[in-house]
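Here the structure comes first, spelled out in structure tokens, and everything after it is commentary.
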Amino acid sequence: MNIRTTIRLTTAAMFAAQAIPALALDLTVTHFGTGMYGVPFAVAKEKGYFKESGLDVTGFITSAGGGTTVRNAMASEIPYGEVALPAAIAAIKQGLDITIVHGGVNSVADQVWITRKDDQRIKTVQDLKGKKLGYSSPKSVTDMVTTMMLNDNGLTGQVERRSVGSIGAGITALREGGVDMIYVTEPVWSKEKDNFRPVFNSADWAPHITQTVGIVKTDYLKKNPDKIRAIIAARRKGVEFIRQHPDETAPIFARE
């Protein structure tokens, strides 16, 4: 093989390598599609912010929250996810070597606690005594918030708490009488508010709580810091877009 042929083959190989697209990736986001946590990620995917950073994010893995989301994240090709803060803390305390790399949702003001319209027994927190209270899953934000709420109001041990999974499953449990109260968040609440009665908001007793954080396996972070920076940067651009273009954001998330 002469030198010209070698150069041509080498050049062709280089261009072929450049033409190969980045490996398609799914990112883990708690309650994606049923809560607002995933909106910045949906916008970043739609607007190409991930691709600008060298990542081909094609979809999202979700769950009913809590420890399940952490496990999903750790099993992903990029072991990153936006998860409930208490789930991240619990995982670290159990020995999982993960690092919190960014804050997520820094309020619980979107959590509305509802009951059936035909059930007038619950009008205040104290009315929960002897009732069944639904929350999403162990080590979730709603697990933490309900624990705090019951403790602060002297109701610990006097209310039956039940893990009901996703918001949709919780609404079904409420409608069928499996629980007497459940939480909802947007956008589900806007869809269902004519069918149920709101009683209170999580921020009424927990105004300053971080709901979600971004986590990643520590060893992966050390080896691939640029990829994690890229995810954070794309998410940040998504947040900025939401603030500047809320009307354009809504259909983007609806498509997801």
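The values are calculated or read from the model by the stated rules, or taken from the named source; none is laboratory data. Just so you know, these numbers come straight off a predicted model, no measurement behind them. FYI the Cβ positions are ideal-geometry reconstructions off the backbone, even for glycines, and counts take in every protein chain you see. With ligands, DNA and RNA removed, areas are computed over all heavy atoms of the protein, side chains included. Shrake-Rupley method; radii C 1.70, N 1.55, O 1.52, S 1.80 Å.
Structure summary
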{"quantity": "Accessible area per residue, Å², region 86-222 with all protein chains present, probe 1.4 Å", "calculated": "46"}
{"quantity": "R0 of 41 Å, Cβ-Cβ distance Glu240-Asp127: FRET efficiency to nearest 0.05", "calculated": "0.45"}
{"quantity": "Phi-based couplings in Hz for region 243-254 (Karplus 6.51, -1.76, 1.60; Gly and Pro marked x)", "calculated": "5, 8, 9, x, 5, 7, 5, 3, x, 4, 5, 4"}
{"quantity": "Heavy-atom SASA rank of Met144, Met74 (probe 1.4 Å, accessible area, largest first)", "calculated": "Met144, Met74"}
{"quantity": "Correct choice for Rg and Dmax of the Cα atoms in Å that was computed from the model, options [x] 30.5, 120; [y] 17.6, 53; [z] 22.0, 89", "calculated": "[z]"}
{"quantity": "Expected 222 nm ellipticity per residue - DSSP helices of 4 or more, -39500 (n - 2.57), all of the chain, to 500", "calculated": "-12500 deg cm²/dmol"}
{"quantity": "C-alpha long axis of helix 3-19 to longest principal axis of the chain, angle in °", "calculated": "10"}
{"quantity": "For Thr115, residues with placed amide H under 5 Å, excluding near neighbours", "calculated": "Arg197, Val199"}
{"quantity": "Carbon/sulfur fraction of accessible area - the chain, other protein chains in place, 1.4 Å, %", "calculated": "54"}
